[in-house]
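Colleague: Mind having a look at this structure? Questions to follow.
Please treat every number below as a calculation from the coordinates, not as lab data. Computed from a predicted model, the values in this text were never measured in an experiment. Quick reminder, even Gly has a Cβ in these numbers, built from the backbone with ideal geometry, and neighbours come from all protein chains shown.
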Amino acid sequence: MDLLSVVSDYWIVLCVVLCIVFYKFVLRVFFGMVIVPEDRIGLVTKKFVLFGANRSLPDGKILATKGEAGFQARTLAPGLYWFMWPWQFGVQMVPFTIIPEGKIGLVLSKDGAEIPTGRILARKVESDNFQDAIKFLENGGQRGRQTAYITAGSYRLNSFLYDITITDQSIIHENMLGIVTTMDGEPIPSGRIAGKEIEGHNNFQDIDTFLIKGGCRGLQPQMVLAGSYYINPWAVQLEEMPMTDVPIGYVGVVISYIGDDGKDMTGDSFKHGNIVSKGFRGVWMEPLGPGKYPLNKYTMKLELVPTTNLVLNWANARSESHALDKNLSTITVRSKDGFPFNLDVAQIIHIPANEAPKVIARFGSMNNLVSQVLEPTIGNYFRNSAQDSDVISFLSTRKERQESAKSHIGKVLEEYNVNAVDTLIGDIVPPEALMKTLTDRKIAQEEEKTYETQRMAQEKRQGMEKETAIADMQKEIVKAQQSVEIAQRTADATVKKAEGDATSLKLNVNAESEAIKLRAAAQAESTKLNAIAEAERIAKTGNAEAEKILSIGKSTAEAYELQVRAMGGDNFTRYKITEEIGRGNIKIIPDIIIGGGNGSSTDGSLSGLMGLKLMEMLSEKNEAEKKPEEKKK
């Protein structure tokens, strides 16, 4: 009895310990207890149903909403549940579905109604953000990709029913816009390239409203501006692109490819296309001023038209920054005399802002205006103008031809709603052979002027050198004049001295003769005859010598007098001056005299003129000195 009591107590204690250790298992097995943690949900799988009409799922269904065997649509929220016996129910603990900040959750339903033919997305139904799977299925939720999505947060989602794909928010950056293409909706009507505008879809974030109101699949006229958006990428595709910029100095002419046909605003006078009001299809009458605009490049086209003066160059080596003249080249023309030559032309035009839509409606673009009007008009004008003139005349009448071109081209462009500001002829390149002839001729003319200028400069230089030489010779001239006067006085003194010497010698001879006579008288009578003879001989000798000296002096004086008579007083004076200058080696002419020519005749003429000038100066001085002497006489 005691042993049985001990064994019984032992098993009781063991059972209590086991129950304490394995209480969850015990409760789960005997009472069907299930505990769902706070951060989990319970996905229930029902293994069998013993009784009732809903023992198995209908065909095509994968989730049970009415207690059928299989995956259950109802989930277990965090908490304690009983009578979930393990042999009948399987419970799988899964974490909440968490969508981070800046993300959205795209929902793919594995069960539900069929999506109608022609649709690719399942419409939204009320289901507490997909957390109530039973409500989702009972309210007509469709299997497949859902238009609705879940935003940032934690959700109790049945992973038996849903697959969640997490993706980024749609962000359109500053100065950008989003071009919208929808993936579902009604077909675009025939003749249209984009759907119609739909209101109330909150920038395509509520795609169900867009579809309910009849939105079309494909390109949309509406755009999404800068910002962050909850947009379902299964329903909407965004293409980010820069906003359209109209710079200062331009206007933007809008060509719309969508909208209703508008009424032409130009009237009957304009026959080159329809210009309509804003919002209609065609060229808009009102251009866009400088600024940034959200224009859909697939539904609208913007043509920039410069409103400032625009310069176009017909030149091979020059093109403006706008590049409208990049295909223009130097114009080759042929003159009346058959010479081809090139010329550069610059055309300045101006398009008024209110005329810009007409220019675009007529030509389509500024490039077409240049290629279809400006290029042929200006090229043909100058070709025709060159054929009426030879090259030389064309060069010499450049200004007149430029004015004529301005007038002609201005009238032509006025018909195309373009103002011609000015036409400028740039570099003219005539034929090389003709240009060489003209250049040689001009060089020869310029050389002739140069030689004439050099000749005049040399003449002025000669005059300066002559005056400089005369000034430098004043000292020598004065010295020469003094030498002439000295020579004249020396000549006079020589004549006087000769006469005095003759008289003195005569007196000495007479005195000596008388002395001899006296000595002879005192001597013997015997020598009287000899003395007398000797005295007579000496007297004759002395007389002869005296007469000789006297004759020499008189001859010299007579010779001077005869020379004066024969040559004239002025010429004799010049002769004596020259003789004295030559005897004294006096330099009165510079060693170097600059002449106007290369021949020796000019040098000789200059030397002769300087000599005559010197003689005239000396003659004038002698005459001035003679007049006082004549007055004294």
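Colleague: Order these by the 10 Å Cβ neighbour count, fewest first: Asp111, Asp390, Asp208.
Modeller: Placing the least packed residue first, the sequence is Asp390, Asp208, Asp111.
Colleague: Quick check on the range 189-287: take the gyration tensor over C-alpha atoms, sort the square-rooted eigenvalues as a ≥ b ≥ c, and tell me if it's rounded (a/c under 1.5), prolate or oblate.
Modeller: On the way: a/c = 3.15, a/b = 1.66, b/c = 1.90.
Note, shape of the range 189-287 comes out oblate.
Colleague: Residues in the range 392-417, backbone N under 14 Å from the label point at His322 (7 Å along the Cα-to-beta-carbon vector): list them, ranges by number please.
Modeller: Backbone N within reach: none found.
Colleague: Based on the Cβ-Cβ distance of Arg74 and Glu240, what FRET efficiency does E = 1/(1 + (r/R0)^6) give at R0 = 35 Å, to the nearest 0.05?
Modeller: Once rounded, the FRET efficiency stands at 0.20.
Colleague: Run the simple label-point estimate for Ile115 and Tyr257 please: 7 Å along Cα→C-beta, distance reported in nm.
Modeller: A separation of 2.8 nm, rounded to one decimal place.
Colleague: Which entries of Lys213/Lys292; Lys213/Lys263; Lys301/Lys358; Lys66/Lys110; Lys326/Lys411 show an alpha-carbon separation above 21 angstrom in the structure shown?
Modeller: The pairs that break the limit, which is 21 Å between Cα atoms, are Lys213/Lys292; Lys213/Lys263; Lys326/Lys411.
Colleague: Under a crude label model (7 Å from the Cα following the beta-carbon direction), how far is Asp59 from Lys479 in nanometres?
Modeller: For Asp59 paired with Lys479, the spin-label model returns 15.4 nm.
Colleague: Taking amide hydrogens as modeled 1.01 Å from N in the peptide plane, which residues meet the under 5 Å criterion relative to Leu121, leaving out close sequence neighbours?
Modeller: Correct list: empty.
Colleague: So, R0 is 51 Å and r is the distance between the beta-carbons of Asn367 and Ala457; what FRET efficiency does that work out to, to 0.05?
Modeller: The computed FRET efficiency comes out at 0.25.
Colleague: Okay, next question. Whole angstrom only: what separates the Cα centroid of the range 332-381 from the Cα centroid of the range 197-213?
Modeller: The distance from the Cα centre of the range 332-381 to that of the range 197-213 comes to 50 Å.
Colleague: Then there's this: Run through the range 278-314 and list the trypsin sites (Lys or Arg not before Pro) located in a DSSP loop whose Cβ has at most 16 other Cβ atoms within 10 Å.
Modeller: Listed in order of number, the matching sites are Lys278, Lys297.
Colleague: Let me ask something else about it. What list of ³J(HN,Hα) values in whole Hz, one per residue of the range 345-358 in order, does the Karplus curve 6.51 cos²θ - 1.76 cosθ + 1.60 (θ = phi - 60°) give from phi, with Gly and Pro shown as x?
Modeller: Each residue of the range 345-358 in turn: 10, 10, 10, 9, 10, 9, 10, x, 4, 6, 9, 4, x, 5 Hz.
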